[in-house]
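Step one of this worksheet: look at the structure below.
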Amino acid sequence: MSVYVRKRRRPVSEINVVPYIDVMLVLLIIFMVTAPLITQGVNVDLPKAEAQPLDEDSKPPLVASVDAQGQYFLTVGDSQEEPLSGVDLATLVAAHLQKEPDTPVVVKGDGAVAYSEVVQLMVLLQRAGVPSVGLMTAPPEN
């Protein structure tokens, strides 16, 4: 009778990281593909619930308005302009921002106008080179 002595193996205390690296690379590719899609759009500085008025010391803002009929207007300071086409509005805003690049631009939309009309106005302003847009609100009635 022969006695068979079995050698005891030491347990391997290593972690196989190859599957984790594969998952990491897949996630990296997914984030690289989706990141440019997330950053598209118009930059808008939305007002807070209790919005503060613009500083009186700052330059008068350019107010791009859209009325209930979808007509565009541009107000510089106190001067109210006639209805403008989208191209004319963008041209006037771009020309004004070339002269005074730090002028704030505010969008004033009628409450009855469709949201898509306000978005179209913001897209026109973005194409005209406006870096950020504020939304004009009326104070809440108590």
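The values are calculated or read from the model by the stated rules, or taken from the named source; none is laboratory data. Everything quoted here is computed from the prediction, not taken from an experiment. No Cβ is skipped: glycine too gets one built from the backbone with ideal geometry, and neighbour counts run over all protein chains shown.
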Seminar exercise, completed: Scanning region 85-137 residue by residue, those at pLDDT 85 or above, in a loop (DSSP other than H, G, I, E, B) and hydrophobic (A, V, I, L, M, F, W, C) turn out to be 128, 130
Exercise. If the Cβ limit is 6 Å and pairs must be 6+ apart or interchain, which residue in region 97-114 that is on the phi < 0 side of the Ramachandran plot and touching a residue at least 24 places away in the same chain (Cβ under 8 Å) pairs with which residue that is exposed (fewer than 15 other Cβ atoms within 10 Å of the Cβ) and not in a strand (DSSP E or B)?
Worked result: 97/129; 103/59; 110/68; 112/68; 113/68
